[in-house]
Amino acid sequence: MPSDVDRKALWVVRELGLPAIVRGCPSCRTQRHHPTGKVRVNASGKLLDVWLLIGCDHCGRTSKVPVHERIHVSALNHDRLVRFENNDPAIVRELAMDVSLARRTPYLLDWAGTWALDTDLPFYDLESPDATPLEVVVRLELPAPIRVVKLLMAGFHLSRSAVRRLVLADRIQLPVSPDARIHTDFTFLVHPL
């Protein structure tokens, strides 16, 4: 980063909850489900089935999302198997956010309401003549696909059109397009008038 940056700020995308799993419920035909916090492991001889259990938000029916089907017990890492058997919250969280599992099964992940932006910035007036260059580091606690423009709107309390004007004027310098969906940490620069 350039040495003319006078201030630094940290923005953290904080996790509020797990994404909703969007697929039809066999009982009531609504679409939204959430993980129950449990994983079911079923053994048939040396073959295992592993499912993430989800509950319908409307009727409460429990359904299964296949994680592994008919996998030989020796093909599954022992520590991971123990985590499945113990309903480890970290493994449930990992499975609930697994985009490749969602594609394979298939269902969609709805990330609405799963994150909030915390900033260590006191009010930063981008239009002030006293504003100094600012480097902002964005850290994500969860791999939610968040549009950069939404983060900037939340962080600076600006409208979408105001954010776009600042990006076009090169006052906000981004490593990606403002319409890009980010999944990982990144840094951007803000230049005053």
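The values are calculated or read from the model by the stated rules, or taken from the named source; none is laboratory data. Keep in mind that what you see is a predicted model, and the values were worked out from it rather than measured. Cβ placement follows ideal geometry from the backbone for every residue including glycine, while neighbour counts extend to all protein chains displayed. Just the protein is used for accessible areas: all its heavy atoms, side chains included, with ligands, DNA and RNA removed. Shrake-Rupley method; radii C 1.70, N 1.55, O 1.52, S 1.80 Å.
The accessible-area ordering, largest first, of the residues Ser177, Ser63 stands as Ser177, Ser63, per a 1.4 angstrom probe.
Entry for the stretch 1-146 at q = 0.17 Å⁻¹: log10 I(q)/I(0) = -0.96, Debye formula applied to identical alpha-carbon scatterers, no solvent contribution. Cross-link reach is defined here as a Cα-Cα straight distance under 30 Å, omitting same-chain residues fewer than 8 places apart; for Lys8 the lysines meeting it are Lys150.
The stretch 64-84 and the stretch 123-193 have their alpha-carbon centroids 42 Å apart. Per residue, the chain reaches -5500 deg cm²/dmol at 222 nm when only DSSP H runs of four or more residues are counted, each adding -39500 (n - 2.57). Per-residue 3J(HN,Hα) values for the stretch 161-169, derived from phi via the Karplus relation 6.51 cos²θ - 1.76 cosθ + 1.60 with θ = phi - 60°, read 5, 5, 4, 4, 4, 5, 5, 5, 7 Hz in sequence order (x marks Gly and Pro). Fully extending the segment from Leu117 to Asp185, taken as 0.36 nm per residue of separation minus the present Cα-Cα distance, adds 23.2 nm.
The listed residues Trp11, Trp111 rank as Trp111, Trp11 when sorted by accessible area, largest first, using a 1.4 Å probe. Cross-link partners of Lys64 among aspartates and glutamates, defined as those whose alpha carbon lies under 20 angstrom from its own and excluding same-chain residues fewer than eight positions apart: Asp49, Glu85, Asp88, Glu94, Asp98, Asp110. Ligands, DNA and RNA left out, the accessible area of the stretch 99-193 computed with a 1.4 Å probe is 55% carbon and sulfur.
Rounded to the nearest 20 debye, what is the charge dipole size of the chain about its Cα centre when +1 sits on each Lys and Arg Cβ and -1 on each Asp and Glu Cβ?
Working: 25 positive and 22 negative charges, 232 e Å.
Using Cβ point charges on Lys, Arg, Asp and Glu, the chain gives about 1120 debye.
Computing FRET efficiency as 1/(1 + (r/R0)^6) for Ser74 and Val176, where r is the C-beta to C-beta distance and R0 is 35 Å, gives about 0.25. In the context of the full set of protein chains, the stretch 1-92 has a per residue accessible area of 57 Å² (1.4 Å probe).
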